[in-house]
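> Okay, here's the structure, questions in a sec.
Laboratory data are not the source of any read-out in this text; all were calculated from the coordinates shown. The shown structure was predicted, so the numbers you read here are calculated from the model rather than taken from an experiment. Glycine gets a Cβ as well: all are built from the backbone with ideal geometry, and neighbour counts include every protein chain shown.
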Amino acid sequence: MKYHSTRGRRYMKMPGFEAAIHDLDEVIASPMTEWQRPWWVRWVDKPTVEIDWDNLQRFDGRKIQQVSWAKYVGKDAAQRLTKLRENRTRQWVLENKPGYTLRDRALLLAGVQAGSVSTSFLGFWRESDIGVKDPFQPRPLSPEEMGVPRWEGSPEENSHMIRAALRHFGADQVGFLELDEHIRKLVYAFDARDGKTLEFENVDLAYETEHKRVIPNRARWVIVFAVQLSEELIKRNAGKAPTALSSSTTGLVYARARNIMDRLQTFLYMLGYQGLMGTWFNGLAIAPALGIMAGLGELSRLNIMISPEYGPLQRVFKVITDLPLAPTKPIDAGIMRFCFTCKKCAEACPVRALSMEAEPSWEVVGPWNNPGHRAYYQNGTKCRTWWSVNTVGCSTCLTVCPFSRKDKSFIHKIVAPTISITPLLNGFFTRMHTIFGYGTPREPESWWDLNMPPHGVNAVKGTQLE
Amino acid sequence: MWWFLYGLIMGAGVMYLVAWVQSENKAVGWYTCFIGALALLLGTLTAQHFFAAYKELERKAAWRGVLFMGVPTLILAGVTVWLLLT
């Protein structure tokens, strides 16, 4: 990147001056300059460790202790120590030693040995050993395989534990549902990707055949979680049209979520429970519906979930389990009511696929809608057709939503509770959102010059560290 | 850190103002104090919004905030000064 140009500045053609400008260009364009470090960190020519480059040779990677440890300590000692490790692992789990309990061990190995971007209904550890990521770490064992009792906790303790583990794996908000006769209606009758039936049976373990996936009746809980989208990235639209750049945050979120769900399945497997995942990101059950029932957010004019923390800038995922959990309740933060007057998403939709009606309706638009709830049903076919035309998918409605904003300014801390308490100012807030330019698309390529946090999201939002 | 410095400067400014009013033996009405406090509050909120929005890369929102809150702040501050001087 060039930060200035000397083109046309003939008076600058003096040799010394031009050299100085060139140096300045190099300093400004240096990767070190855009890397924001504390002022007291100095860039130096040599590292603070002394190196003798004349004597340094390329190293044989097989010599590292992780690989050749047995050779260094002796085969007998290695066998003895490996046995000691196994015995201590089991013993400390049995003793519930703080920091080495069954759930601590499960968290460790779900981090090391899981994290696929593929999906499995039953979980990779139920299917095979192919998921091993680090051959020098133990493979995840079920309590039965380890010879210890499975994890037992109250539903409240379990929910607390799952939320902590999921946050560690990369999830944002986490909620829980009991899979009662109502919530069962939100599980697909036929799985979205391959058309297998999803059935409930009175069996101990979930199983899968050529034509069906079976959820045991004892798997009576659903873990629902959100993963944030990057606001700065998703707003890199070309006018109302999405770009490959703006869509890349959505793609990454799905990959991250599959990774998180694989870790969650492994974690549950090590505790002695089942975790059942959709075999596709839109498989198994209607994710936004579960998110709304679990209190992650409210339904909206976008006909997807909007949460108080991230607005519509998230995707929702689910895992069914037989680990008893304490359900969370739905919420009312005035979001759905705000949509009654705000139509920014519907107006911005390039193909007019969203409802412009003042109030939600019981009438569906087409067979892609699931009737039985009063909603702003969208024209899904128009939306999906537009994806083919623009080549990348679309999230324009998400980007213009007044709930898609950051919230460092005091104004947002006043507006959000006000919307929750009264609808009186909703119209005014919608207008101010436009006037302040919050929904404005950013110049796409400028994203490459930003210095964003990991995944482009504010991970501390809604946490203890906020 | 910046808000700490801001508090120090504002505190010193208010103390200086009070000392000046006392030394000049000026009679200050409650409405002068009220308008002055309002100007200070609105000015603080304008600054908070401006820096927060700027940091969040919402440049347009930052400057619109200055327009909608900064201008009333200046008017209120001007009225306060006028009341103090007359």
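> Order A:332-338, B:37-43 from most to least packed using the mean count of other Cβ atoms within 10 Å.
So the peptides A:332-338, B:37-43, ranked by packing, come out A:332-338, B:37-43.
> Which net charge results for the neighbourhood of A:Leu166, defined as the other residues with beta-carbon distances under 11 angstrom from its beta-carbon, given Lys and Arg at +1 and Asp and Glu at -1?
Neighbourhood net charge equals +2.
> Sticking with this structure for a sec: Hey, got the average number of other protein chain Cβ atoms within 10 angstrom for residues in B:64-70?
Counting Cβ atoms of other protein chains within 10 Å of each residue's Cβ and averaging gives 2.
> Check the straight Cα-Cα distances from A:Lys343 and name the lysines below 29 Å, setting aside those fewer than 8 residues away within the same chain.
Here the lysines satisfying the reach criterion relative to A:Lys343 are A:Lys235, A:Lys240, A:Lys329, A:Lys382, A:Lys406, A:Lys408, A:Lys413, A:Lys461, B:Lys55, B:Lys60.
> Let me ask another. Which FRET efficiency value, to the nearest 0.05, do you get for B:Ala37 and B:Trp2 by plugging their Cβ-Cβ distance into 1/(1 + (r/R0)^6) with R0 = 30 Å?
0.85
> Output the relative contact order of the range B:2-85, whole-number percent, from Cα pairs under 8 angstrom with separation of 6+ residues.
35 percent
> Mind jotting down the distance between the C-alpha centroids of the range A:60-100 and the range B:41-69, whole Å?
So the separation of the two Cα centres works out to 58 Å.
> Something else: Using only Cα atoms, locate the centre of the range A:254-297 and the centre of the range A:116-190, then give the distance between them in Å, rounded to an integer.
So the separation of the two Cα centres works out to 8 Å.
> Tell me the mean residue ellipticity at 222 nm calculated for chain A from its helices only (DSSP H runs of n ≥ 4, each -39500 (n - 2.57), averaged over every residue, nearest 500).
Value at 222 nm, helices only, nearest 500: -11000 deg cm²/dmol.
> Hey, another quick one. Which Cys in chain A stand alone, with every other cysteine's Cβ at 4.7 Å or more from theirs?
Singleton cysteines: A:Cys339, A:Cys342, A:Cys349, A:Cys383, A:Cys394, A:Cys401.
> Would you please name the chymotrypsin sites (Phe, Trp or Tyr not before Pro) within the range A:353-393 that are DSSP coil residues with at most 14 other C-beta atoms within 10 Å of their C-beta?
A:Trp362, A:Trp368
> I've got another one for you. For the range A:200-241, build the convex hull from the C-alpha positions and give me its volume per residue in Å³.
So the per-residue Cα hull volume is 155 Å³.
> Averaged over its residues, how many other protein chain Cβ atoms are within 10 Å of peptide B:52-62's Cβ atoms?
6
> Further question: Based on the alpha-carbon gyration tensor of the range A:244-380, what equivalent-ellipsoid semi-axes (square roots of 5 times the eigenvalues) come out, in whole Å, largest first?
After scaling each eigenvalue by five and taking roots: 29, 18, 14 Å.
> Shifting gears a bit: How would A:Phe410, A:Phe317 line up from fewest to most surrounding beta-carbon atoms within 10 angstrom?
In increasing order of surrounding Cβ atoms, one gets A:Phe410, A:Phe317.
> Let me know the Kirkwood hydrodynamic radius for the protein assembly as shown, please, with Cα pairs as the basis and the value in Å to one decimal.
28.2 Å
> Kindly rank B:7-14, B:58-65, A:354-361, A:265-272 from highest to lowest mean number of other beta carbons found within 10 Å of each residue.
Ranking, from highest mean packing down: A:265-272, B:58-65, A:354-361, B:7-14.
> To continue, here is another question. List the residues, sorted by chain then number, that are 5 or more residues from A:Thr243 or on another chain and whose placed amide H is less than 5 Å from its amide H.
Distant-sequence amide H within range of A:Thr243: A:Ala238.
> Taking Rh as the Kirkwood radius computed over C-alpha pairs, what is the Stokes-Einstein D of the range A:47-161 at 25 °C in a medium of viscosity 0.890 mPa s, expressed in µm² per second?
Estimated diffusion coefficient is 139 µm²/s.
> Could you tell me how far the Cα centroid of the range A:298-365 sits from the Cα centroid of the range A:438-466, in Å?
That distance is 22 Å.
> What is the packing order of peptides A:344-353, A:275-284, taking the mean over residues of other C-beta atoms within 10 Å and listing the highest first?
A:275-284, A:344-353
> At 7 Å along Cα-to-Cβ for each site, give me the label-to-label distance between A:Glu181 and B:Ser23 in nm.
Those two pseudo-labels are separated by 8.3 nm.
> Also, I was wondering about something else. Hey, can you list the DSSP H helices of chain A whose Cα span along the axis is 20 Å or longer and whose average Kyte-Doolittle score is at least -0.5?
Helices meeting the span and hydropathy rule in chain A are A:15-29, A:244-271.
> Turning to a different aspect of this structure: Quick check on the range A:155-456: what are the equivalent-ellipsoid semi-axes from the Cα gyration tensor, as sqrt(5λ), descending, whole Å?
Three semi-axes, in Å: 32, 21, 20.
> Arrange A:His182, A:His168 by Cβ neighbour counts within 10 Å, fewest through most, would you?
With the fewest neighbours first, A:His182, A:His168 line up as A:His182, A:His168.
> Over all residues in A:402-410, what is the mean tally of Cβ atoms on other chains that come within 10 Å of each residue's Cβ?
Across the residues of A:402-410, the mean count of other-chain Cβ atoms within 10 Å is 5.
> Run the numbers on chain A and let me know its relative contact order in percent, using alpha-carbon pairs under 8 Å that are six or more apart.
Here the relative contact order equals 16 percent.
> Which FRET efficiency value, to the nearest 0.05, is calculated for B:Val71 and A:Thr422 with the Förster distance at 25 angstrom and r the Cβ-Cβ distance?
According to the calculation, E is roughly 0.35.
> What does the C-alpha gyration tensor say about the overall shape of the range A:224-274? Classify as rounded when a/c is under 1.5, otherwise prolate if a/b is larger than b/c, or oblate.
Since a/c reaches 1.5 and a/b is larger than b/c, the shape of the range A:224-274 is classed as prolate.
> Taking every eigenvalue of the Cα gyration tensor of chain B, multiplying by 5 and rooting it, what semi-axes result, largest first, whole Å?
29, 16, 7
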